[in-house]
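The values are calculated or read from the model by the stated rules, or taken from the named source; none is laboratory data. Everything numeric in this text was worked out from a predicted model, so none of it was measured. As a convention, Cβ positions derive from the backbone with ideal geometry for all residues, glycine included, and neighbour counts pool all protein chains shown.
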Amino acid sequence: MISPRSRLQWMLPVVLLIAGMARAEVPPAAAPQVPRTLDVPDGALVAAGKAPELDLLYTGDVIGFIEPCG
Amino acid sequence: MLLDTGNFSDNPTEVGDLRTATLLQSMKALGYKAINVGERDLMLGYDDFVKRTAGLGMTFLSTNIVKQGTKEPIFPPYTVFEVKGTSGKPVRVGVLGVDRYSPVWQKAGPAGTNLGMASPADMIATYLPELRAKSDVVVLLAALSKEDAHDLAKRFTDLDLVLGSYGGIYNTVEDNEGRVGIYFTGNQGKRIGESRVTFDAKSRVADVTSYLHFLTVHYPEDKAMQDSLAAVLAKMPKTEAPKKAELLKKQAEAAAAPAAADGH
């Protein structure tokens, strides 16, 4: 006959072992991805690098602005 | 290749019409290819729009402006441009254009009809499959909120890029929904978006790198364009012209200052 105290002494390490294994299997949290800024690097007017196959330039909501608007 | 998401029109006043006409002529001179028709551009209805844009040689399209009560587009619902890529190979660029959905929007259409605004999603669903089959890259010009742009990008994964404008909203960092890039450029022509696209051996989009250029005085002026604008501003009513001419002069001085300091 195993006393409650002896049972606890036997079970505690087993529970801790299982908990440790479960924790070890959890994949590490992925590092948060920082989105790339849209600023042209180094304050240049045009980004350096190899010319792309296609360069798209786009605007919108210009609402008649043809002069400096501040 | 230059594209515009629409709402290029100023208010329909004497000065506003002059500005809009000048802007359109400038866009033509710069080589804009396709322009989405925005709600503002139809402020005075279809006939006025056709009169203002006649002979410009740019494609004005709309996927979701329709004959009211139908799903019949009034303008070309999409367009495909074949341009020569840097390598010399042809690249087919498919362009759709949508405005925000409004069930109550209504303007005078051609021949006594009315224009209405259909749901962007419904209309994209209709035309995207055939456009995708004809294009190497598909771009959606979007005059709607960023939230709506995300919803469309999430649903239509065959799009490559959603290029938007909606008031002063603009991106500072890359944004996307899955593989679909979403870029907003703000308003008033202060910023211009740039997306550099490369393709794989099967002419599928391999990579897109985007930038947003804030057009400060550090970007050099085009002398011919500046002279042409100055001539238009001189024609404006006296209450407007001095103020604008003064702004142009200040901008020219500010642009010249760093160059002078550099000894150029």
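Scanning region B:1-29 for residues that are in a loop (DSSP other than H, G, I, E, B) and facing chain A (nearest Cβ under 7 Å), which turns out farthest from B:PHE81 (Cα to Cα)? Residue satisfying both the conditions and the ranking: B:ASP10.
The residues of region B:71-85 that are within 11 Å of chain A (Cβ to nearest Cβ) and either of a type in the set (A, V, I, L, M, F, W, C) or under 17 Å from B:SER119 (Cβ atoms) (or both), listed by number, are B:PHE81, B:VAL83. Of all residues in region B:106-128, those satisfying the criterion of being assigned to a loop (DSSP other than H, G, I, E, B) and among the small types (Gly, Ala, Ser) are B:GLY109, B:ALA118, B:SER119.
Can you pull out every residue in region B:30-52 that is assigned to a loop (DSSP other than H, G, I, E, B) and either more than 8 Å from every other protein chain (Cβ to nearest Cβ) or free of Cβ contacts under 8 Å to residues at least 24 places away in the same chain (or both)? Within region B:30-52, B:GLY31, B:VAL37, B:GLU39, B:MET43, B:LEU44, B:GLY45 qualify. None of B:ASP158, B:ASP99 is buried (at least 20 other Cβ atoms within 10 Å of the Cβ) and in the same structural domain as B:THR63 (by TED's automatic domain parsing) except B:ASP99. Pairs linking a residue in region A:46-68 that is more than 7 Å from chain B (Cβ to nearest Cβ) to a residue that is outside any strand (DSSP E or B), with Cβ atoms under 7 Å and 6 or more positions apart or on different chains, are A:VAL46/A:VAL40. Scanning region A:24-45 for residues that are at pLDDT 75 or above and more than 7 Å from chain B (Cβ to nearest Cβ) turns up A:ALA29, A:ALA30, A:ALA31, A:PRO32, A:GLN33, A:VAL34, A:ASP39, A:PRO41, A:ASP42, A:GLY43, A:ALA44. Please go through region B:90-136 and give me each residue that is within 18 Å of B:VAL180 (Cα to Cα), more than 14 Å from chain A (Cβ to nearest Cβ) and of a type outside the set (D, E, K, R), ordered by number. B:PRO120, B:ALA121, B:ILE124, B:ALA125, B:TYR127, B:LEU128, B:PRO129, B:LEU131, B:ALA133 - these are the residues of region B:90-136 that are within 18 Å of B:VAL180 (Cα to Cα), more than 14 Å from chain A (Cβ to nearest Cβ) and of a type outside the set (D, E, K, R). For region B:164-206, filtering for residues that are surrounded by fewer than 18 Cβ atoms within 10 Å (Cβ to Cβ) and more than 8 Å from chain A (Cβ to nearest Cβ) leaves 11. The set of residues in region B:207-216 being more than 21 Å from B:THR5 (Cβ to Cβ) and either within 22 Å of the chain's Cα centre (by Cα) or at the interface with another protein chain (Cβ under 7 Å from one of its Cβ atoms) (or both) consists of B:THR216 alone. From the list B:LEU2, B:LEU24, the one residue that fits, being in contact with a Ser or Thr (Cβ under 9 Å, 6 or more places away or on another chain), free of Cβ contacts under 8 Å to residues at least 40 places away in the same chain and buried (at least 18 other Cβ atoms within 10 Å of the Cβ), is B:LEU24.
Restricting to region B:1-31, what's the tally of residues that are within 17 Å of B:GLY164 (Cβ to Cβ), in contact with an Asp or Glu (Cβ under 8 Å, 6 or more places away or on another chain) and not hydrophobic (A, V, I, L, M, F, W, C)? Number of matching residues: 3.
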